[in-house]
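Structure record follows, encoded as structure tokens.
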Amino acid sequence: MKLHKTLALASAMATATTIMANTLDPANPSGNVVDRFADIEVLRYVVPDFNNLSLNQKKLIYFLTEAALQGRDILWDQNGKYNLPLRQLLEAVYTNYSGDRNSADFKAFETYLKQVEFGNGVYHHYSMDKFIPGFSKEWFAGEVANLKTANRLPFSSATLDILEKVIFDPGFMAKRVNQAAGEDLILTSACNLYENISQPEVEAYYAALKDTTDLTPISYGLNSRLVKNPDGTIQEQVYMLGGYYSDAIARIIDNLDKAKKYAESPQQAAVIEELIKFYRTGDLKTFDSYSILWTEDTDSQVDFINGFIESYGDPLGMTGAWESIVNFRDEKASARTKALATNAQWFEDNSPVDPRFRKPHVKGVSAKVINAAILAGDAYPATPIGINLPNANWIRAAHGSKSVTIENITRAYDDASHGNGFNEEFVIDQPTRDLLDKYLFITDNLHTDLHECLGHGSGRLLPGVDPDALKAHGSTLEETRADLFALYYLADPKLVELGLLDNPDAYKAEYYKYMLNGLMTQLMRIEPGKEVEEAHMRNRKLIAEWAFEHGADENVVEYVKKDGKTFIQINDYAKLRDLFGQLLKEIQRIKSEGDYAAGEALVEKYAVKVDPQLHKEVLARYATLDIAPYKGFVNPVYVAVDANGNPTTTEEEITDVKVTYEEEYIPQMLRYSRDYSPLTK
Ligand code: ZN
């Protein structure tokens, strides 16, 4: 499966300050909230220890971050056919506006622009729904007319008509990724990965390409767009130099070429070289060989992702959204994941799943804690807190995978969550709040470590089982599997034995939070009347609802009413662990056997439907707190300087790379559009 990201759970949990205090970078401006609008809060993250890297490492990071930023337009275009011209239009209105910036229309417009920038297009990054403008059509038309008069718009009136429709007609291209059962997922999804083609046609096209006997199967569709021409022929438009997105890919290659010179080892230079080759040829076999080289380079401190990686943005889970994260290892914190990786076989051998579905030999799980230096493409502004790649199952089986926890991002989340009132409102009593204060930060990080480092890498398919057998439910069930693996082992005495926890009861903090989130508080992210659709949310709901129902006879978990408010109470943590183990066993069976019907039944029964009463209550209580359900980040700014300390772009003159954290949200977006937009003329 292609879904190896962990997003922050309830982004709103307070945890102990003491764990964090000594790791904060003094360069961090006080308070890390940069902007707040709609359902979004934008934070800053700092990059600890960047200044301690060698000049070579800094140059390597510098050119990798440039390569990262050059891909921005690709992702915008993948997310929707009209996103790039829409961005140009909105930014032109914003920057040229000469009226009252405090007027209701302009304020609403500004919010809309911020939402679109955050979504990398006109769709919400999580719900996939199109944003609804709060400004009037007349006001906007007036501003567009002004721009036209001033000759500041590069668009034909036909394009302007369509953009107006995109903005103001809620039914037009309404949803980026539709997952509703029973509909043609391609025709009803507005993402720009397919054109004029139906779901059965797409499925037939790839079924014909797939060689089911290939032991090293190609990830068909990962780097292409599928189009049906007017004459009925089907054409795969490959993302490559000289192909689709060529202008952006050329700039990515250019910067990768520069970065290669500062690679930490010949091995890392070979990784970069192979990636360049992939961008030049579009050959997915080359992408696999690049992925293998990348997986095997575990020595380099600086590392990066750059390419078409995760497929959440494709209703059929095939095409990878472009993303890049440049990072380097946090040597101290990596001791934690090293302990897990070293014992990977023990965890595999002792898991509750049927021995037939366990891996007899867990291959090279390499895990580390990293600090992100830049977030880009699909990883920006909203970003994962953990990543496990590569996604190709056969590579994972034969060569292992790299798993990371992004510590400076989890730290930024944690910093932002202090004293926001969430625990006081939703956590049942003071002892439970104390438990969370004391153990949630560490158990939450460990949960991510276990999920990424061991969970996704665990288990195996029976011979002949199609890795895509679970189809549209594959992503949800894969996340469910990884989460259950993590939950099950969080309560294991092994973690205390390994020195990762100092109290055998610490896991209860994560258990409480997980059940609270899955049963109740994640509903804050759902609009009234809607169901749960996003894969990670479905996974959390599936686990929590299943455990609640199967523990009902013994009252393992219950809903308690206090002063008319609903709370979650956990009566038997040990039994809850047992239930997580039972469900893990079943989910692994479903995955190993490719039992689509059983997987679908679980998802439909537990993961989708929302209790309208409870939903209403959660939203009302949440509204009193003014906490943003979603968070994202502005990037630091890197400036290469010469011997005199002046900025330079001439490679030979660079004597240092400076990092600053002052840039604000919209200025960053406008700068990116100005300096890194190879696909917009
Ligand atoms: Zn995952």
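Remarks
- Residues satisfying the stated conditions in region 478-512, i.e. open to solvent by less than 10 Å² (accessible area, probe 1.4 Å) and among the aliphatic types (A, V, I, L, M): 482, 484, 486, 487, 490, 495, 506, 509
- Residue 109 being within 21 Å of residue 636 (Cβ to Cβ) and among the aromatic types (Phe, Trp, Tyr): no
- Counted residues, region 624-681 - those being open to solvent by 10 Å² or more (accessible area, probe 1.4 Å), more than 28 Å from residue 57 (Cβ to Cβ), in a loop (DSSP other than H, G, I, E, B) and hydrophobic (A, V, I, L, M, F, W, C): 3
- Within region 80-92, being over 19 Å from residue 157 (Cβ atoms) and open to solvent by 10 Å² or more (accessible area, probe 1.4 Å) holds for one residue alone: 91.
- Hey, residue 509 within 16 Å of the ligand (Cβ to nearest atom) and not in a loop (DSSP other than H, G, I, E, B) or not: no
- Some residue of region 464-481 being more than 16 Å from the ligand (Cβ to nearest atom) and within 22 Å of residue 387 (Cβ to Cβ): yes
- For region 585-609, a residue qualifies if it is surrounded by 17 or more Cβ atoms within 10 Å (Cβ to Cβ) and more than 20 Å from residue 484 (Cα to Cα), but none of them does.
- For beta carbons closer than 9 Å, sequence separation of 6+ or different chains, a first residue in region 97-112 that is farther than 15 Å from residue 137 by Cα and a second that is aliphatic (A, V, I, L, M), the qualifying pairs are 111/38.
- Summed over region 217-250, residues that are closer than 17 Å to residue 81 by Cβ and part of a strand (DSSP E or B) total 9.
- Where helices (runs of 4 or more DSSP H) sit wholly within region 270-356, those with at least 1 residues that are touching a residue at least 40 places away in the same chain (Cβ under 8 Å) and over 20 Å from residue 392 (Cβ atoms) occupy 334-342, 344-349.
- Within region 330-365, the set of residues being open to solvent by 30 Å² or more (accessible area, probe 1.4 Å), touching a helix residue (DSSP H, G or I) at 6+ places or on another chain (Cβ under 6 Å) and within 17 Å of residue 388 (Cα to Cα) comprises just one member, 362.
- Hey, residue 403 in contact with a Ser or Thr (Cβ under 8 Å, 6 or more places away or on another chain), more than 16 Å from the ligand (Cβ to nearest atom) and small (Gly, Ala, Ser) or not: no
- Candidates are the residues of region 428-453 that are open to solvent by less than 10 Å² (accessible area, probe 1.4 Å) and either away from the ligand (no atom under 16 Å from the Cβ) or among the hydrophobic types (A, V, I, L, M, F, W, C) (or both); the one that is nearest to residue 220 (Cα to Cα) is 453.
- Test result for residue 560, more than 30 Å from residue 63 (Cβ to Cβ) and either among the polar types (S, T, N, Q) or open to solvent by less than 10 Å² (accessible area, probe 1.4 Å) (or both): no
The values are calculated or read from the model by the stated rules, or taken from the named source; none is laboratory data. None of the values given here were measured: they were computed from a predicted structure. Cβ atoms come from the backbone with ideal geometry, glycine included; neighbour counts cover every protein chain shown. The accessibility values were calculated without ligands, DNA or RNA, using every heavy atom of the protein model including side chains. Shrake-Rupley method; radii C 1.70, N 1.55, O 1.52, S 1.80 Å.
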